[in-house]
Amino acid sequence: MWTYEHSAEAAATSDAIWSCYQDVASWPDWNVAVSNIELDGPFAAGTTGRLTPPGAGPLPFTIVEATENSGYVSETEIAETVTLRSTNRLTPLPDGRTRIELRVDLVGPAAEHFGKSFGPQVKAGVPKTVETLARRAEELAGRQ
């Protein structure tokens, strides 16, 4: 297994961030790893779809776990021998802010290989994704 994790605080509530997660059409605006995503149902555990990374073809995508205002876990099949698991957690803070945590795991027989080749790209993109999501949620919260 290969793992990378990043967190940031947002001046927004967990429900504002959850709204960003549910609005999958907006993911390309804040998630650097997504140029398009389509779900075959609601943003809920068990829903499948296709996630298209920039410059690549669509990949099978499944929401494995989804807990409103707390986070979700998704899996994207990169190849037959490796799956990218994305764990997204929201922790409300006493001052009304929210900690956003994103952990990416590569799992499967080829995880170490993909970690070496694909890992630097993940390590560069995850912080940008978390920071951009925080700013987007803050903007949306400011409009309400």
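Rule-based calculations on the coordinates, nothing more; no lab input. All of these numbers come straight from a predicted model, not from anything done at the bench. In this analysis, Cβ positions are derived from the backbone assuming ideal geometry, glycine residues included, and neighbour counts consider all displayed protein chains.
Assorted remarks:
- Built amide H within the under 5 Å cut-off of ILE78, gap 5+: THR83, LEU84
- Among LEU39, LEU106, LEU90, residue whose mean-square fluctuation peaks in a GNM of the chain (springs only between Cα atoms under 10 Å): LEU39
- Burial ordering of SER117, SER19, SER70, fewest other beta-carbon atoms within 10 Å first: SER117, SER70, SER19
- The angle separating the long axis of helix 111-143 from the principal Cα axis of greatest extent in the chain is about 20 degrees.
- Once backbone amide H atoms are built at 1.01 Å from N, ARG97 has no partners under 5 Å, excluding neighbours fewer than 5 places away on the same chain.
- Label-to-label distance, nm, for residues given as GLU112 and LEU140 (7 Å Cα→Cβ offset): 4.0 nm
- Karplus (6.51, -1.76, 1.60) ³J(HN,Hα), θ = phi - 60°, over the range 92-102, in Hz, Gly and Pro reported as x: x, 9, x, 8, x, 7, 9, 8, 9, 10, 10
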